[in-house]
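Participant: My structure is below; once you've seen it, I'll send some questions.
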Amino acid sequence: MPPLQLLLILLPLSASFLRLPAPAGAACSPKTCGDLNITYPFWLEEGGGRPPCGSPSFQLNCNGRHAFLSRSMFGRYQVARVFPENNSLVAVNHNLLVPPRAGCPPWWFNISLGLGLGPYTINRKNREVLVLYNCTEPQQVAPPGFNRTRCADGSFFRLGGEYGSHRELGVVPSACSLSVVPVLGFPDGDDDYVQSMRQGFLLEWTVPSDDCPECEASGGQCRYAGDGTGFSCGCAGVAHREKCGELTKIN
């Protein structure tokens, strides 16, 4: 066959290979969003009708600079840092990052409710900021242990101890609503409670399987099964149940 004719036959074939879709495993490989590395169990929401790479609870969306938990109520939670070695992350409620009106953030949000009933728990190593707000009766004097905020809404704040210790407080005014905000901490004597809240708080998560170390040791990548509900180990584009090299594969 003349070389020119052979070349004309091979060109369409090579072009078709270039258009082949990437293996399914490539779409679920680790990603980055800004300075954040996104690895198992988290996965990045992408368009194009691609199948999910994991549990909806660990789905993140990226605005080009920051990653946010896709499944939360009452606001967006930005993932600032992730510590995969101990299953924890630092999250910031996006309501606190929006320039507040008159220097006052919205007190109404409840972080524990906003996270829903997912795999996340608020670490008890956090401290807590307590806010009394929306008082239906004017409080002429700050309640014991509280200080008046700089806001014009008649609210009060208190820098508390370990997260959850507010349950040991005495009676708070029944005419006021109470908001409890976990924070990483605050300098002694510092009353910049808003800045403390903007630094975020520590969350822990649980995963449905602890097989990831064994999978990675075998040269695989930790992922979820195709339906996003169970663990799988990605090995050169093939999903195994626990680790690479085993006979059992996941269809």
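Each value in this text was obtained by applying a stated rule to the coordinates, not by laboratory testing. Computed from a predicted structure; not experimentally measured. In this analysis, Cβ positions are derived from the backbone assuming ideal geometry, glycine residues included, and neighbour counts consider all displayed protein chains.
Participant: Ordered by residue, what ³J(HN,Hα) values in Hz, to whole numbers, does the stretch 58-72 give under the Karplus form 6.51 cos²θ - 1.76 cosθ + 1.60, where θ = phi - 60° and Gly and Pro are x?
Facilitator: Whole-Hz 3J(HN,Hα) from phi for the stretch 58-72: 9, 6, 10, 10, 10, 9, x, 10, 10, 9, 10, 5, 7, 10, 7.
Participant: Obtain the nm distance between the two label points defined at Asn86 and Asn134 by a simple spin-label model: each point lies 7 Å from its Cα along the Cα-to-C-beta direction.
Facilitator: 3.5 nm
Participant: In what sequence do Val90, Val183 fall when counting other Cβ within 10 Å, fewest first?
Facilitator: Neighbour counts put them in this order, fewest first: Val90, Val183.
Participant: Amide H to amide H, which residues 5 or more places from Cys135 or on other chains are under 5 Å from it, using H placed in the peptide plane?
Facilitator: Under 5 Å from the amide H of Cys135: Ser177.
Participant: Moving on. Rounded to whole Hz and in sequence order, give me ³J(HN,Hα) for the stretch 131-144 from the Karplus expression 6.51 cos²θ - 1.76 cosθ + 1.60, θ = phi - 60°, writing x for Gly and Pro.
Facilitator: 3J(HN,Hα) across the stretch 131-144, in whole Hz: 10, 9, 8, 6, 6, 7, 10, x, 9, 5, 10, 4, x, x.
Participant: Sticking with this one: Would you calculate the separation in nanometres between label points at Glu214 and Ser29, each defined as 7 Å from the Cα along the Cα-to-beta-carbon direction?
Facilitator: So the label points at Glu214 and Ser29 sit 2.6 nm apart.
Participant: Let me ask something else about it. What is the fewest-to-most order of Leu130, Leu247 by other Cβ atoms lying within 10 Å of their Cβ?
Facilitator: Details: Leu130 21, Leu247 6.
Arranged by neighbour count, lowest to highest, Leu130, Leu247 become Leu247, Leu130.
Participant: If you don't mind, another one. Show the residues, 5+ positions off or on another chain, whose built amide H is closer than 5 Å to the amide H of Tyr224.
Facilitator: The answer is Ser232.
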